1. If ALA74 passes every condition in (1) crowded, with 20+ Cβ neighbours inside 10 Å; (2) at pLDDT below 95 but one, which one does it miss?
2. Among the numbered criteria (1) closer than 26 Å to ARG465 by Cα; (2) part of a loop (DSSP other than H, G, I, E, B), which single criterion is violated by SER120?
3. Answer with yes or no whether ARG465 is out of contact with any Cys (no Cβ under 6 Å at 6 or more places or on another chain), of a type in the set (D, E, K, R), at pLDDT below 95 and not in a helix (DSSP H, G or I).
4. In the stretch 396-407, which residues are under 21 Å from ARG208 (Cβ atoms) and buried (at least 20 other Cβ atoms within 10 Å of the Cβ)?
5. If you take the residues in the stretch 220-254 that are β-branched (Val, Ile, Thr) and assigned to a helix (DSSP H, G or I), which one is least open to solvent (accessible area, probe 1.4 Å)?
6. Is there a residue in the stretch 354-373 that is surrounded by fewer than 19 Cβ atoms within 10 Å (Cβ to Cβ), under 22 Å from the mean Cα position of the chain (by Cα), assigned to a loop (DSSP other than H, G, I, E, B) and among the hydrophobic types (A, V, I, L, M, F, W, C)?
7. Output the number of residues of the stretch 266-296 satisfying the condition of being in contact (Cβ under 8 Å) with a residue 12 or more places away in the chain and under 30 Å from the mean Cα position of the chain (by Cα).
8. I'd like the full set of residues that are buried (at least 18 other Cβ atoms within 10 Å of the Cβ), hydroxyl-bearing (Ser, Thr, Tyr) and closer than 20 Å to ASN223 by Cβ, limited to the stretch 292-335.
Amino acid sequence: MARKTLRWLLALALFMGALGTATTAGAATAAEPDIKERLLSIPGMSLIEEKPYPGYRFFVLDYTQPVDHRSPSAGTFRQRLTVLHKDVSRPTVFYTSGYEVSTSPSRREPTQIVDGNQISMEYRFFTPSRPDPADWTKLDIWQAATDQHRIFKALEPVYDQKWISTGISKGGMTATYYERFYPRDMDGVVAYVAPNDAVNEEDSAYDRFFARVGTKECRNRLNAVQREALVRREPLKERYAAYAAQHGYTFGTLGSLDKAYEAVVLDYVWGFWQYSLLSDCASIPADAAHATDEAIWQSIDRAVGFSYATDQGLEHYTPYYYQAGTQLGAATIRFPHIERELIRYGYLTPRDFVPRDIPMRFQPWAMRDVDTWVRHNARHMMFVYGQNDPWGAERFRVGRGSEDSYVFTVPGGNHGARVAGLVEGERALATARILDWAGVAPTSAQENPSTAKPLAKFDAKLDARGVERTLRP
């Protein structure tokens, strides 16, 4: 009887203990902090705002970064970023445009493909993510890559699945530089339309590109309009002056309206191919010599935008031009279809677009180092270019020593080239590799890559993929 009583008491104690454990576990689950609390618990992270979007949580945040990662005690600045949160069990895409960050919910192509979370970072020195005072010597590719590295390390405990970095144009360059300096952070890289000016003094690839891009008829139309705009410099400058006065535009950085006018005209052919398609050639005046001033003006304004060479148009892009003139390099192109006497200033350099009180010194080794590293060390890297995009004339390439890395070209594509525009076999292969790098490839795609498709349905608001208009990359 005593043994039965003892067994009953022991069983009761075990039952009560189990019940207590279950209750404690349930309380712990109930007390699990939500994603906002987890993000804001990261030292240096603060909330600017949260915006609703169906199926996601979207946060605009800022994060404390050292102005100089080599000397963290030398001051800090606040760097904006956004989080498009789906689920911590999903992979994460780390995106930067290389410029400012959008504070509206959006989803880059790899994010749709893997159906994941997206972290978007504003590039340092693009306002408001600019140190005050601004020490421009701290604007370089290593400092920016280290910004990304610190944000990744801060968020990795929250988003502990696979990560893929991506970017378009200067953002694609940024993703590549990040991989070069921190190759162990990401599980894959998808760089879109990323220029690679490995040797800044050698730009003949651009001249060869413009000599054969599109069709001869289209090239002739574009060249004729560009030349005619310089022939009619004086009357069209009068219109430019009236346009500038109407909008309050000034020309202190370039020095004169005349120089700004020529800069816009000389970017006309480049701007057309960057943003337009071969089918758009029908909109180019067929007989430039007999076209109206209005037709010439409108054609150039559509392709380039006369506001771009004003102080107000250039100010936003000062960090880009500074980097182009110190590390990234910039194209110099020739105009064999235009008489020398019609060109007064030539194709301008980055130094022309940066206020003179900001000193600049070019570092030719920076891009050579990145180019060599990518050729021989690329791992899980993908580069996507547009066939008719001038920025693809000098591109990244992978070679001996690279692993599971690819360079794809979208037929007829411009600066908006994406995986979705590739020919069928390459599109499936690219999609399959992205899914695999993110650790979410379905069994069917693993067994047969030709069946690979994006995991998330297209969302017209989140996934709009027009060409992002920044005249430079």
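The values are calculated or read from the model by the stated rules, or taken from the named source; none is laboratory data. Keep in mind that what you see is a predicted model, and the values were worked out from it rather than measured. Ideal geometry is used to build each Cβ from the backbone, glycine not excepted, and the neighbour counts take in all protein chains shown. Protein only, heavy atoms only, side chains kept; ligands, DNA and RNA dropped before computing areas. Shrake-Rupley method; radii C 1.70, N 1.55, O 1.52, S 1.80 Å.
1. (1)
2. With (1) closer than 26 Å to ARG465 by Cα; (2) part of a loop (DSSP other than H, G, I, E, B) applied to SER120, the lone miss is (2).
3. yes
4. PHE396
5. If we take residues in the stretch 220-254 being β-branched (Val, Ile, Thr) and assigned to a helix (DSSP H, G or I), then VAL225 is least open to solvent (accessible area, probe 1.4 Å).
6. There is no residue in the stretch 354-373 that is surrounded by fewer than 19 Cβ atoms within 10 Å (Cβ to Cβ), under 22 Å from the mean Cα position of the chain (by Cα), assigned to a loop (DSSP other than H, G, I, E, B) and among the hydrophobic types (A, V, I, L, M, F, W, C).
7. So the count comes out to 16.
8. Listed by number, the list holds a single entry, SER299.
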